[in-house]
Amino acid sequence: MRLIAENLGGERGGEPVFSGIGFTLDKGEALVVTGPNGVGKSTLLRVVAGLLPARPGRVLVEGGGEDFPTVASACHYLGHLNAMKTALSVAENLRFWRSFQGDSGQANSAGEGTPAPGVEDALKTVGLGGIGHLPFGYLSTGQKRRVSIAKLLISHRPVWLLDEPTAGLDKASEGRFAGLMRAHLESGGILIAATHLPLGLEGVKTLRMGEAD
Amino acid sequence: MLALFLRDIRLSIRAGGGALTGVIFFLAVIATIPFGVGPDLNLLSRIGPAILWIGALLACLLGLDRLFQADREDGSLDLLVLANERHMLALTVFVKCLAHWAGSVLPLVVAAPLLGLFMNMDPSGIGATALTLLVGTPAITFIGAVGAAVAVALPRGGLLISVLVLPLTIPILIFGVSASYGASSVGQGTFTQPFLILAALTLFLAVIGSVAAALALRHGTD
C-alpha cells in the first residue's frame, strides 16, 4: 500500500500554518518530520490523520483494500495525549482499545489474519509486564507513554502517525521502541513521526519544516 | 461498542465519576421543598409530580458537561472520531449517551419513588412519575449530548450547556408532568396520550441528537 499527500496545507484557527507539503510513502518507508516549535508538525500529523481538514490538498491511501479505505481507518494516531483513563487499570484501558479498534492482526501473504498480540504480551514487549492491574493514574510519565506505545501493538494498522513518540522515555525504552518501529517497517508498515529527538532509525526520509521558505 | 458502554459505566462508578452526584443533588432539591412549602399535605401531593420532574431534569443537566470533555482532555476523543470508518461516530455517541444515562440518570429514576413519598404522593402517582421519568430522561440526555458536543472545547462549559439545553427540554417536561398528573388521583387529563408523545420524543431525539452531536464533534476537533 502507499500513502500519498499532495500539496498539503494546514491551518489553525483560520491562520495558515504551513502549505505546499507533499510526499509519497511506499510500504516499509518512514518519514521523520522535524522543525522548530510551532512550525506545524503536530498540525501536519492531524491533517494527515484527517482530524483537521486539509486546506488545500489531499491525503489518500492506495491499495488499502476493503479494510483500510481511508487514512483514518488505516492509521494509529499517537498524539501527545495518551488516550487512557486514569481511573481504570492499565489492562482495562488496553482491553477497551483492543476490542474497540479490533484485534485482527496483520494478514499474511495468503491473506489470512492472525490475532494481534494480547494485552499482556504487548505490555511485556514494552517492558511493563505484570503491571496490568495498576490504575493508569499511578504510573510515571514514561510508563504512561510506554502503555500508549503498547496500544499501537494490540490492533494492527499499517500506518503509524507518531507525535513526539519518545517524549519522557528513558534510553532503554527508546531503544526498545526503535526496535518496534523497525519491525513495523520491515513488515510493510508506513510510519510518520514528528519529533526533534533522534529515533534511531536508519535510511528514513526526512521532512524539515520551516526552512524551505 | 459493548466495550465502550462498559468502560463508561465503570468510569461513572469509579472515583471521580458522576453516578452519585446527581442523586444527591436530586435528594437535596426534593428534601428541601416540603420545608419551603410548609406542612400542607394536599398542596405537596398536588405539586409532587411536577417537583420530581423538575428536580430530575436539573440533576440530569448536572453531569452532562463531562460527557465528551473527559474524553477530549485525555485524547480519547481523537481516536473515537478516527474510528468513524469502523464504528460510525453517531453510533459511538449513541452508546456513550446510553452509558451516561445508565450510569448517572438511571439512579435518579430508581430514587424517584422514595422521594415521591416525601411529597405525599399516592401510589399510582408515584408509579406514573417513575415510569414517565424512565421513558423521558433518555431524551434529556440525547439533547444534552448535542450541547455537550458543541461546548466540548470550552473549559467551563457546564453552565453554557445547561442554558443551551434547558429550553429544548421543556416539551419533555410538559409531557412528562402531564402524563404523571393523568395517572394520579389529584390531577385530571389522561395518561396514555402524553406518555406516548413522551416515548416518541425519546425515540426521535435518540436519532437526531446522536447525529447532531456526531456532526458537532467531527467539526469541533482542532
query: How many Cβ atoms of partner chains, on average, are near each residue of A:90-101 if near means within 10 Å of its Cβ?
result: 4
- prompt: Which three semi-axes in whole Å describe the equivalent ellipsoid of the protein assembly as shown, each the square root of 5 times a Cα gyration tensor eigenvalue, listed largest first?
  reply: 49, 22, 19
- prompt: What accessible area per residue comes out for segment A:2-208, rounded to a whole number of Å², with a 1.4 Å probe?
  reply: 42 Å²
statement: Between the alpha carbon centres of segment B:116-143 and segment A:158-206 the gap in Å comes to 56 Å
- line: Computed from every Cα-Cα pair in segment A:1-134, P(r) in 5 Å bins starting at 0 and rounded to whole percents is 2, 8, 15, 18, 16, 14, 14, 10, 4, 0
statement: On complex formation of B with A, accessible surface lost, both sides summed, probe 1.4 Å, nearest 100 Å², amounts to 2400 Å²
message: Over 10 Å intervals from 0, what percent of Cα-Cα pairs in segment A:148-213 sits in each interval?
response: 18, 56, 22, 4, 0
message: Quick check on chain A: helices-only [θ] at 222 nm, where DSSP H runs of length 4 and up contribute -39,500 (n - 2.57) each and the sum goes over total residues. Nearest 500, please.
response: -8500 deg cm²/dmol
query: In this model, which of A:41/A:85; A:27/A:85; A:27/A:151; A:205/B:96; A:41/A:151; A:85/A:205 are farther than 29 Å apart at the alpha-carbon?
result: A:27/A:85; A:205/B:96; A:85/A:205
field: Structure-based [θ]222 nm, chain B - -39500 (n - 2.57) summed over DSSP H runs of at least 4, per residue, nearest 500
entry: -26500 deg cm²/dmol
query: How many partner chain Cβ atoms sit within 10 Å of a residue's Cβ in peptide A:61-71, on average, as a whole number?
result: 1
- prompt: Where in segment A:20-99 are there GluC sites (Glu not before Pro) that are in a DSSP coil and have at most 14 other Cβ atoms within 10 angstrom of their Cβ?
  reply: A:66
message: Of the candidates A:17, A:48, A:90, which one comes out as most mobile in a Gaussian network treatment of chain A with C-alpha springs shorter than 10 Å?
response: A:17
message: Could you work out what % of the accessible surface of the protein assembly as shown is carbon and sulfur, using a 1.4 angstrom probe and leaving DNA, RNA and ligands out of the count?
response: 62 percent
query: What residues does segment B:76-111 have that are buried by at least 20 Å² of accessible area in the full protein assembly compared to the chain on its own, 1.4 angstrom probe?
result: B:76, B:78, B:79, B:80, B:82, B:85, B:86, B:87
message: Using only the alpha-carbon atoms of chain B as identical scatterers, what base-10 log of I(q)/I(0) does the Debye formula give at q = 0.12, 0.15 Å⁻¹?
response: -0.63, -0.92
message: Give me, ordered by chain and number, the residues 5 or more places off residue A:89 or on other chains with an amide H under 5 Å from its own placed amide H.
response: A:136
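The values are calculated or read from the model by the stated rules, or taken from the named source; none is laboratory data. Predicted model only: the values in this text are computed from it and were never measured. When we count neighbours, we look across all protein chains shown, and the Cβ atoms used for this are built from the backbone with ideal geometry, even at glycine. Calculation scope for accessible area: heavy atoms of the full protein, side chains included, ligands and nucleic acids excluded. Shrake-Rupley method; radii C 1.70, N 1.55, O 1.52, S 1.80 Å.
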